[in-house]
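Enquirer: One structure, pasted below without further comment.
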Amino acid sequence: MEKLVELRGIVKRFPGVVANDRVDFELRRGEVHALLGENGAGKTTLMNILYGLYKPDEGEIYVRGRRVELKSPRDAISLGIGMVHQNFRLVESHTVLENIILGLGEDKLRIDFEKHRRRIMELAERYGWRIDPMVRIWQLSAGEKQQVELLKILYRGAEILILDEPTSVLTVQETRRLFEALRRMAREGKGIIFITHKLNEVMEVSDRVTVMRKGRVVITKETRETTKAELANYMIGRPIVFGQKKVSAKLGSIVLKVIDLKVLGDRGYPAINGVSLEVRRGEILGIAGVSGNGQVELAEAIAGLRRPLAGRILLNGVDVTGMDAGKMIELGVAYIPPEGNKLGIVPGFRVVDNLFLKAYRYPPYSNNLLLNWGKMLEKAQELIEEFGIVTPSALSRTSSLSGGNIQRLILARELSGIVGGIPRLIVAAYPTKGLDIGATEFVHDLLLRYKEMGSGIIFISEDLEELLLLSDKIAVISGGRIRGVLAREEADAEKIGLLMSEAVIQAG
Amino acid sequence: MIEWIESVLGLTIQVGTVYLLASLGEIYAERSGVLNLGLEGIMVMGAALSFIFTLAYGHLAAILISVIAGILMSLILAVMAVYMRLNQTVTGLALTMLGLGLSGFLASPEVRKVILLALNPSLPESLLAIQEAPKLPEIHVPLLSGLPIIGCFFRQNVLVYVSYIAAPLMWFILFKTRPGLSLRSVGENPAAADAMGIDVFRVRCLATMISGGFAGLAGAYLFLGFQPFWQEGLTAGKGFIALSLVILSTWNPLRAILGAYLFGGVEVIQYRLQLFGLGALSPYLLAMLPYLAAIAALVAVSIESVRKRIGVPASLGIPYSREE
Ligand SMILES: Nc1ncnc2c1ncn2[C@@H]1O[C@H](COP(=O)(O)OP(=O)(O)OP(=O)(O)O)[C@@H](O)[C@H]1O
Ligand SMILES: [Mg+2]
């Protein structure tokens, strides 16, 4: 089988870390090659090198057997390499068409919009996507944005495709459709590098798999000759337990009561439309649903970040409707925001600054005027150890941490109880999105620990597997309404899916 | 009455052209993500150089030199703000200070005399000391210039006609061509543009140079086409008004035409009122109008949905770097 890409002895150093340490990697024609590894293992770095975004410190790159020097993405593109980045790289205010033809040398000067529109529609149809090229990006769902990213590279006729965690933003159905498209592209003779943290996906879609760990390649194997357990073992260097680990905590009094809540979304129409909920001490209430159905607005309203339009929120029986976030923090509400690396930290700040983003105002860390850096650094060191944050030091810039470690940092800040003690209520919005299995397990264990200590927990996720694993009750949300609440014993993927789709039928 | 309207309209166009030329270039810079606050300084340099070079070599050379000087000055900004990623506000304001100081120095009587003699030793003594230069001649377009009222659009100097052509042309390039798409993308999301193989730094550098070239031209026009008497700090804040016009036009060259004539009109009416003795209390109020309009525009574009519809350059003022 022809080798499309071969990387030999790639080394890339960043200040304080060796992100890639003598990495060898190869991609064959017609295969889907999964790249697996913990957060910070160096997957994105390696792919950025293959795409010409980073220059390697050492090593050689071969494309179709020829040694190449990649100075910029332009060089990579001209060799038929395309990359879909971990975070979308789309111009939100431009149309789909404008994004797709961006940088394309074909039109000399004037853009022939009609020609491109037709060709994009044809290409999209080939992979079973329906997309209007004249729509603006910000109007699209995450799944559609993903399709635009793919169209961008397919439109250039790329045959080496790099997909960096493409499924972390997709729903189950969207993921399935993506996989069908990927298999089809492989049949057409393209080579696809597919980065993910989900072992199920590796088993389902890939032909071969390469595992990275701490900047090095551990092994490359045919997918059918390996198992999930074996891959997990390679990835984190220890076996991992799949499935049940229930903690039985006694359910206590009602911590949170939400009554007929209505909340406005960003675009000015109600995102939450009459939701009522109840969470008890020691209870995990899972919220299942396709993202973008009001989950974030609900979470933000409870955390005091968004003023409800109508309805009431009671915390331990006290009406806290409309209180601001500062008050809610003091009352013991911890909020873990979605997309932590965007909304949860200040990237330019140091690790210690981000750890104390909330607590800096309170003694002993401040006396209303001066900050006590000694105390803060001491506590930061403790938290770094307790929550396993991998960072050169407490004084490193937060933006250079990998996604998993940023999430750990946020959890440390929110859950450590520096302010207000052990949280009474934890609102966790997609806390494991983009995390590797080790880190995911860590988050799960952490939530269960707080459940045991008596916190009430709202756990928002799109991943049914983890919802079923952790929740005591699962509420299914869709179109800003709760479509049903299932006790854990009666809940299964099918029932939940049915509740979601029923709502769709009603709405449609 | 018709005569009065014609004279006001004619003047409005003449004043408005200063703003139009300057803001056209600035729109390109800002669409690419670079805020060129050096506009005022580049314009005043353009004015000073066009003064000196008109005396020495005539109009054409003077205009060319002003444009080239504008490009070179903005290149300083591009190197500092784009490549070295320094703060654009600080570097831009520094450039304005530099332009104001340097133009005053170069055009001061003693220095000017030395320069003029060096440029053209055969210049008669009488030209060495004067504070003015010949104005650009008006060109009357046959037929069109004879029309009532709108005829005054066609009794203007060459740089006004340049602005008539430049505005729609620059709109077309920005919104309908490949280079224009690259430029807008770089200002919206440089990481996305970079990933598609566009050289973000080069595009930003070029756009900044375009803004410099137009600012130089605006300066030359201000002096040669409108007010050919040299005085220090001749631009008197017109560069900053052009900056606010860019916002008012929501970064669109066609809307900039309307805005430029609007600002021009306000200024002309203000002069007229003063002539009638009515302006005594209002000149400051009227002078405030452009800024008020810009603030209103800023408030409007701060609304998320408006922003997305008209496409405020999302990365305006933010330096780009790949490995961060
Ligand atoms: N631009 C950068 N500057 C400094 N350090 C960096 C930079 N990019 C990555 N790193 C570091 O290099 C290491 C590898 O990061 P990389 O993003 O490649 O990991 P990853 O395997 O893609 O992780 P994830 O699964 O979280 O996306 C990490 O320790 C990270 O902190
Ligand atoms: Mg990554």
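The values are calculated or read from the model by the stated rules, or taken from the named source; none is laboratory data. Source: prediction; values computed, not measured. Ideal geometry is used to build each Cβ from the backbone, glycine not excepted, and the neighbour counts take in all protein chains shown.
Enquirer: In segment B:1-34, what residues are surrounded by fewer than 24 Cβ atoms within 10 Å (Cβ to Cβ) and not in a helix (DSSP H, G or I)?
Expert: B:Met1
Enquirer: What residue, of A:Leu53, A:Leu46, is within 16 Å of ligand 2 (Cβ to nearest atom), at pLDDT below 95 and over 18 Å from the mean Cα position of the chain (by Cα)?
Expert: Details: A:Leu46 fails: at pLDDT below 95.
Sole residue among the options that is within 16 Å of ligand 2 (Cβ to nearest atom), at pLDDT below 95 and over 18 Å from the mean Cα position of the chain (by Cα): A:Leu53.
Enquirer: Mind checking which residues of segment A:151-167 are within 14 Å of chain B (Cβ to nearest Cβ) and aliphatic (A, V, I, L, M)?
Expert: Of everything in segment A:151-167, those that are within 14 Å of chain B (Cβ to nearest Cβ) and aliphatic (A, V, I, L, M) turn out to be A:Leu151, A:Ile153, A:Leu154, A:Ala158, A:Leu161, A:Ile162, A:Leu163.
Enquirer: Looking at this structure, is A:Thr391 within 14 Å of another protein chain (Cβ to nearest Cβ), under 21 Å from the mean Cα position of the chain (by Cα) and within 14 Å of ligand 1 (Cβ to nearest atom)?
Expert: Values: within 14 Å of another protein chain (Cβ to nearest Cβ): no; under 21 Å from the mean Cα position of the chain (by Cα): yes; within 14 Å of ligand 1 (Cβ to nearest atom): yes.
For A:Thr391, the condition - within 14 Å of another protein chain (Cβ to nearest Cβ), under 21 Å from the mean Cα position of the chain (by Cα) and within 14 Å of ligand 1 (Cβ to nearest atom) - is not met.
Enquirer: What number goes with the only condition from (1) within 12 Å of another protein chain (Cβ to nearest Cβ); (2) within 16 Å of ligand 2 (Cβ to nearest atom) that A:Ser72 does not pass?
Expert: (2)
Enquirer: Residues of segment B:185-204 being within 7 Å of another protein chain (Cβ to nearest Cβ), in contact (Cβ under 8 Å) with a residue 12 or more places away in the chain and outside any loop (DSSP other than H, G, I, E, B), which ones?
Expert: The answer is B:Ser185, B:Glu188, B:Ala191, B:Asp194.
Enquirer: Any idea which of A:Val32, A:Val5 is out of contact with any helix residue (DSSP H, G or I) (no Cβ under 6 Å at 6 or more places or on another chain) and away from ligand 1 (no atom under 16 Å from the Cβ)? Step through it out loud before you land on a result.
Expert: Working: A:Val32 fails: out of contact with any helix residue (DSSP H, G or I) (no Cβ under 6 Å at 6 or more places or on another chain).
Criteria check complete, one pass: A:Val5.
Enquirer: Restricting the first residue to segment A:313-324 and requiring it to be more than 16 Å from A:Ala299 (Cβ to Cβ), which pairs with a second residue that is basic (Lys, Arg) and part of a strand (DSSP E or B) meet a Cβ separation below 8 Å and a spacing of at least six or different chains?
Expert: Short answer, once both residue conditions are applied: A:Leu314/A:Lys257; A:Gly317/A:Lys257; A:Asp319/A:Arg312.
Enquirer: If you don't mind, there's one more thing I want to ask. Could you pull out every one of the strands (runs of 3 or more DSSP E) wholly within segment A:178-278 that has 1 or more residues that are touching a Gly at 6+ places or on another chain (Cβ under 7 Å), in contact (Cβ under 8 Å) with a residue 60 or more places away in the chain and among the β-branched types (Val, Ile, Thr)?
Expert: Numbers: elements: A:191-195, A:208-213, A:216-222, A:254-264.
Correct list: A:208-213, A:254-264.
Enquirer: Quick one: count up the residues across segment B:112-144 that are in a helix (DSSP H, G or I) and either closer than 22 Å to B:Leu222 by Cα or in contact (Cβ under 8 Å) with a residue 12 or more places away in the chain (or both).
Expert: Step one: of segment B:112-144, the residues in a helix (DSSP H, G or I) are B:112-119, B:125-129, B:144.
Right, trim to either closer than 22 Å to B:Leu222 by Cα or in contact (Cβ under 8 Å) with a residue 12 or more places away in the chain (or both) and you get B:112-113, B:115-116, B:119, B:127-129.
Selection size over segment B:112-144: 8.
Enquirer: I'd like to check something: does segment A:87-98 contain any residue that is within 16 Å of ligand 2 (Cβ to nearest atom) and touching a residue at least 24 places away in the same chain (Cβ under 8 Å)? Break it down into steps so the answer makes sense when it comes.
Expert: Initially, segment A:87-98 is screened for residues within 16 Å of ligand 2 (Cβ to nearest atom), giving A:87-89.
Now restrict to residues that are touching a residue at least 24 places away in the same chain (Cβ under 8 Å): A:88-89.
Yes; the residues of segment A:87-98 include at least one that is within 16 Å of ligand 2 (Cβ to nearest atom) and touching a residue at least 24 places away in the same chain (Cβ under 8 Å).
Enquirer: Now for a separate question. Tally up the residues in segment B:152-177 that are assigned to a loop (DSSP other than H, G, I, E, B) and facing another protein chain (nearest Cβ under 8 Å), please. First the steps, then the outcome.
Expert: Here is the first cut: in segment B:152-177, the ones assigned to a loop (DSSP other than H, G, I, E, B) are B:157.
The next check asks that each one be facing another protein chain (nearest Cβ under 8 Å); those that pass are none.
Going through segment B:152-177 one residue at a time, the tally reaches 0.
Enquirer: Taking segment A:394-410, which residues are more than 7 Å from ligand 1 (Cβ to nearest atom) and in a loop (DSSP other than H, G, I, E, B)?
Expert: A:Ala394, A:Leu395, A:Ser396
Enquirer: On the basis of being in a helix (DSSP H, G or I) and either within 19 Å of A:Phe88 (Cα to Cα) or in contact with a Leu (Cβ under 6 Å, 6 or more places away or on another chain) (or both), does B:Gly180 make the cut? Step through it out loud before you land on a result.
Expert: Numbers: in a helix (DSSP H, G or I): yes; either within 19 Å of A:Phe88 (Cα to Cα) or in contact with a Leu (Cβ under 6 Å, 6 or more places away or on another chain) (or both): yes.
The answer is yes for B:Gly180.
Enquirer: In segment A:92-122, what residues are of a type in the set (S, T, N, Q), surrounded by fewer than 22 Cβ atoms within 10 Å (Cβ to Cβ) and facing chain B (nearest Cβ under 8 Å)?
Expert: Within segment A:92-122, A:Ser93 is the sole residue that qualifies.
Enquirer: Turning to a different aspect of this structure: Filter segment B:83-96 down to the residues that are assigned to a helix (DSSP H, G or I) and loosely packed, with under 13 Cβ neighbours inside 10 Å, then identify the one that is farthest from the chain's Cα centre (by Cα). Working first, answer last.
Expert: The first filter runs over segment B:83-96 and keeps only residues assigned to a helix (DSSP H, G or I), leaving B:83, B:88-96.
When the remaining residues are screened for being loosely packed, with under 13 Cβ neighbours inside 10 Å, the result is B:83, B:89-90.
Details: B:Tyr83: 24, B:Thr89: 18, B:Val90: 20 Å.
My answer is B:Tyr83.
Matching residues to (1) in contact with a Ser or Thr (Cβ under 9 Å, 6 or more places away or on another chain); (2) assigned by TED's automatic domain parsing to the domain that holds A:Leu163; (3) on the phi > 0 side of the Ramachandran plot; (4) surrounded by 19 or more Cβ atoms within 10 Å (Cβ to Cβ):
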position	(1), (2), (3), (4)
A:Ala41	yes, yes, no, yes
A:Met47	no, yes, no, yes
A:Tyr54	yes, yes, no, yes
A:Val63	no, yes, no, yes
A:Gly80	no, yes, yes, no
A:Met83	no, yes, no, yes
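Enquirer: Now for a different question. Go through segment A:123-172 and give me each residue that's part of a strand (DSSP E or B) and within 25 Å of A:Val5 (Cα to Cα). Talk me through it step by step, then tell me what you get.
Expert: Narrowing segment A:123-172 to residues part of a strand (DSSP E or B): A:136, A:160-164.
The answer is A:Ile160, A:Leu161, A:Ile162, A:Leu163, A:Asp164.
Enquirer: Select from segment B:101-140 the residues that are hydrophobic (A, V, I, L, M, F, W, C) and over 25 Å from the mean Cα position of the chain (by Cα) and list them in ascending order.
Expert: The first filter runs over segment B:101-140 and keeps only residues hydrophobic (A, V, I, L, M, F, W, C), leaving B:102, B:105-107, B:111, B:114-119, B:123, B:127-130, B:133, B:136, B:139.
Across segment B:101-140, the qualifying residues are B:Val111, B:Val114, B:Ile115, B:Leu116, B:Leu117, B:Ala118, B:Leu119, B:Leu123, B:Leu127, B:Leu128, B:Ala129, B:Ile130.
Enquirer: Now a separate question. Taking segment A:35-52 only, how many residues are more than 9 Å from ligand 1 (Cβ to nearest atom) and touching a residue at least 60 places away in the same chain (Cβ under 8 Å)?
Expert: Residues meeting the conditions: 3.
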